[in-house]
1. Provide the packing ranking of 240-246, 506-512, 465-471, i.e. peptides ordered by the mean count of other C-beta atoms within 10 Å per residue, highest first.
2. Is any residue of segment 228-258 close enough, with backbone N under 12 Å, to a label point placed 7 angstrom from the Cα of ALA299 along the Cα-Cβ axis, and if so, which?
3. Students often check this: by mean Cβ neighbours within 10 Å, which of 179-192, 203-216 ranks highest, and how do the rest follow?
4. Let me know the whole percent of all Cα-Cα pairs from segment 157-197 that are separated by more than 14 Å.
5. Efficiency by 1/(1 + (r/R0)^6): what FRET value for SER525 and SER323, r their Cβ-Cβ distance, R0 = 30 Å, to the nearest 0.05?
6. To make sure I understand the rule: partners must be aspartates and glutamates, Cα under 16 Å from the Cα of LYS467, and not fewer than 8 residues away in the same chain. Which ones qualify?
7. Report the full-extension gain for the segment LEU184 to THR99: residue separation times 0.36 nm, less the Cα-Cα distance, to one decimal in nm.
8. Between segment 184-215 and segment 313-388, what is the separation of their alpha carbon centroids in Å?
Amino acid sequence: MRDHDTRKFSFDGYEFPYELVLDNALVGICFVVDRRLLWTNARMNEMFGYPEGALNGHSVRVLYATQEAFEAVGRKFELVSRHGRYTHELEMKRRNGETFWCTLSGQWIDPGHATAPAVWVLQDITARLRAEDQLRRANQRLEQTVEARTRSLQRTNVTLSAEVDRRRAAQLALTESREKYRTLFRNLPLGLLVTDAQGTATEINRVLQRSIAARSRSHAMELLENDALVLTDDGTTSLATLLKRHVTGDRQGIDRFEFHWRTGTGAVREIAVTAAPLRSHGLGATFAFVDVTRQRRAAERERQQQEALAHASRLSLMGQMASALAHELGQPLNACQSYVGGLQLRLQHGGATFADVQLAIDKIAGHLERATEIMRNVRAFVSRRPVPQVETDLGALLRKTLALMEPQLRAAQVRPEVRADADLPPVRCNAVEIQQVLVNLLMNALDAMQDTPVDERRLEIRLEREKNAMLGVVVRDTGAGIPADVAARLFEPYFTTKPTGLGMGLMICRNIVESHGGALRLVASRCRGTSFKFTLRTVER
Ligand code: ADP
């Protein structure tokens, strides 16, 4: 290198010493002979972390990170034409073992000479690679972010368009339901009224306007405020007050009430109202009005007809019992007659003492009392006077009924057997009607046992406590029984198998029992004869 030290080159009249130039270069420069370092410049020493001159004489192996890299570069450099330049990027190693990336560029100084030195220029590209790597990663991150944003945007778009669709559908449904509501409100054959949360009417449909004889909506609103048109148990009030009371009261859920409405002509209509809160009174309430006057009148007429029919049937039953009753009445009357006759005779002959007269009169009074009792029972049974439903002891009613039927039972040679559960609760009923059911079932049983030998005739009446606060009455006979085809038609009106029967008895009995909330049916029986059972609601204390 000494030779080099003194060599200079001149340019434009100036002379530059080589070493100065080489040491100030920003890249590492070295001369290599036979893969040994001959000289390294200051930048190269700095790059590899060696003091000045420390690398001189060393194999270039110390500069390579691995043995493979060292051998690979040697082979490739040999192959490169001696006129050519070898450039490569490689991982190198500093003195402290740290690796870094370099660009290597080597060239023979004298290509014709086999052992001539080669000059190598090395540039630390770690910073560049790192920057490139950072750039690449930043790019990657950017791409990922963009991708993620795009995906999230796409998702948002999908959600948004679903939301738009949903809102559009909801809007459509709302319009549709409003339209439906409006159509219903206008066209339902029901009077409808809507109030706000204070109970003030906000909507009133035409049907209601018509039924309160309002000429227009505003007239209807006026009529609502008129406090002489609604008749309640405690006087008159306005419909508006009634509605307000209802909406602001503490009644929850659907509620029903009725009132009487006085029309313009003075007629009184019966109105049934169904009130339903709009979300628990928070928004007000809806009221549906139905004029039930006609319905009520029809029901009342039907009830009266049923009553008349039941009465006719009682008369018919009484007709059937008439001869036995006449016979029964004949006995006390005959007895009275003979007491009176005897008394007359004694009085004519002057042989009667006060005590005799007293005794005869007591006997006569007793027999007359018996006849009166029979007549009282008969009159009560055939009476048309409406009887209210009252708490009744069914055992006592049965005993009274058997007393009424005593002549009939005696004539049929049947002794009824009564079996009753202990502590039977009372039932709420119309005693005359339930007595009619008992008489009807007992008379049918007696009819059915006409051909049964006398000693086989049994008539059993059982009073039983049932489930669900009901009481059951079973009437069982040992009569002819009921064939299946007859059983299927038993409760049809006018169905009878008797020559003089009306065929109305069982149908009327069923109506009576059902109007008391009970049921009447034929009970399947394994023994001879027939069993009928009816139930009534008990009054539990
Ligand atoms: P009616 O007694 O006038 O015929 P009912 O309606 O009381 O009318 O009875 C209808 C029919 O049911 C009777 O004709 C009879 O055939 C039958 N029936 C009712 N009760 C009995 C019974 N206990 N045993 C046999 N048949 C009966």
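Readers should treat all values here as calculations from the given coordinates under stated rules, not as data from a laboratory. What you see is a predicted model; the values in this text were computed from it and never measured. Using ideal geometry, Cβ is built from the backbone for each residue, glycine included, and neighbour counts are taken over all protein chains shown.
1. Highest mean packing first, the order is 506-512, 240-246, 465-471.
2. Answer for this model: 258.
3. 203-216, 179-192
4. Everything past 14 Å amounts to 62 percent.
5. So the FRET efficiency works out to roughly 0.45.
6. Leaving aside aspartates and glutamates fewer than 8 places away in the same chain, those within reach of LYS467 are ASP421, ASP423, GLU540.
7. 21.8 nm
8. Their Cα centres are 68 Å away from one another.
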